[in-house]
1. Please return the ranges of helices (runs of 4 or more DSSP H) entirely within region 171-264 where 2 or more residues are closer than 27 Å to residue 61 by Cβ.
2. Show the residue pairs meeting these rules: Cβ distance below 6 Å; 6+ apart or different chains; first residue within region 102-114 and under 10 Å from residue 153 (Cβ atoms); second residue open to solvent by 50 Å² or more (accessible area, probe 1.4 Å).
3. Give region 247-267 a look and list any residue that's within 22 Å of the chain's Cα centre (by Cα), of a type outside the set (Lys, Arg) and surrounded by fewer than 19 Cβ atoms within 10 Å (Cβ to Cβ), or say none.
4. Give the residues of region 7-38 that are closer than 22 Å to residue 53 by Cβ, open to solvent by 80 Å² or more (accessible area, probe 1.4 Å) and not hydrophobic (A, V, I, L, M, F, W, C), sorted by residue number.
5. How many residues, within region 185-200, are open to solvent by less than 70 Å² (accessible area, probe 1.4 Å), more than 16 Å from residue 128 (Cβ to Cβ) and in contact with a Ser or Thr (Cβ under 8 Å, 6 or more places away or on another chain)?
6. Could you list, in sequence order, the residues of region 98-135 that are under 19 Å from the mean Cα position of the chain (by Cα), part of a loop (DSSP other than H, G, I, E, B) and surrounded by fewer than 16 Cβ atoms within 10 Å (Cβ to Cβ)?
7. What's the total number of residues in region 39-56 that are open to solvent by less than 40 Å² (accessible area, probe 1.4 Å) and in a helix (DSSP H, G or I)?
8. Is it true that some residue in region 166-176 is under 13 Å from residue 128 (Cβ atoms) and surrounded by 13 or more Cβ atoms within 10 Å (Cβ to Cβ)?
Amino acid sequence: DRIKLNQMVDGLNACIGDDQRIHSTFSQTAAATGRLASSDPNLQNIPARNALASDIRECFIAQDGFSFISLDYSQIELRLLAHFSGDEALISAFCADEDIHAKTAKEIFGASDKEKRAIAKSINFGLIYGMGASKLAAQISVSRAQAKEYIKRYFKAFPTILSFIDSIKRDTKNNGFVTTLFGRKRKFDFANASGMVLAMYERECVNTKFQGSAADIIKLAMCQIRPFLGTDARMILQIHDELLVEVKEEEAAKVSELVEKAMKEAV
């Protein structure tokens, strides 16, 4: 871990500009889903939860007199799943502000604890990423048959989700493209695909529906918070569903409130 930390810090040091700050480059076209992609250095890939996380994150400090404020969408892809599928059980869970992973665990296992919630979380996000039983089995260290049973129970608890995911695959094959919430298209050549490529396209078209829509939403939010930015507040990083703003300390509370409101009302 220490070697990895040193390598990461060396990479960051190489990107320090004349102003003694790190500046990343963002591309709108590098990620097929439409997400912004950070490079040179990739600041979207800083460790968050492993042993290196606290050490590496201590390296990032705001300018004197400024603070960082971070705002992110909570489980936006699962909320999009609820929106698109219209599944009543999922919608009611979000409306009641329930722990969606704990609820899923209860539906699958009849109860929720730390281990069962972790499995439910893997299933919740895995289905959005087009994950099948084999990959789920490897991820949660169970047999393929057991993983298949978990997925079966999931779809029994949230019955309209399976038909909706199947409709994404069917419509993409028929139309040659999948659309995001705002109508942005990603094309797939299903007609000439076979075997592993076909399976990959099925996973990617499902993933694009959710990740692509989430990308659209946060880009719209970024446009809408532009009037609040300037010399006293500047957006310095976007990490998929999260925005990081560097703001003068005396303006932090005000800017945080404005950005939060804009993000909530973007759609």
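The values are calculated or read from the model by the stated rules, or taken from the named source; none is laboratory data. Because the structure is predicted, anything quoted here is derived from the model rather than measured. Positions of Cβ are backbone-derived with ideal geometry, glycine not excepted, and every protein chain shown enters the neighbour counts. Note: accessible area is taken over every heavy atom of the protein model, side chains too, but ligands, DNA and RNA are not part of it. Shrake-Rupley method; radii C 1.70, N 1.55, O 1.52, S 1.80 Å.
1. On the way: elements: 196-207, 213-224, 252-264.
Of the helices (runs of 4 or more DSSP H) lying wholly inside region 171-264, those with at least 2 residues that are closer than 27 Å to residue 61 by Cβ span 213-224, 252-264.
2. These pairs meet every condition: 108/153; 109/116.
3. 256, 260, 265, 266, 267, listed by residue number.
4. Answer for region 7-38, where residues must be closer than 22 Å to residue 53 by Cβ, open to solvent by 80 Å² or more (accessible area, probe 1.4 Å) and not hydrophobic (A, V, I, L, M, F, W, C): 7, 10, 13.
5. Going through region 185-200 one residue at a time, the tally reaches 2.
6. 99, 129 - these are the residues of region 98-135 that are under 19 Å from the mean Cα position of the chain (by Cα), part of a loop (DSSP other than H, G, I, E, B) and surrounded by fewer than 16 Cβ atoms within 10 Å (Cβ to Cβ).
7. So the answer is 2.
8. yes
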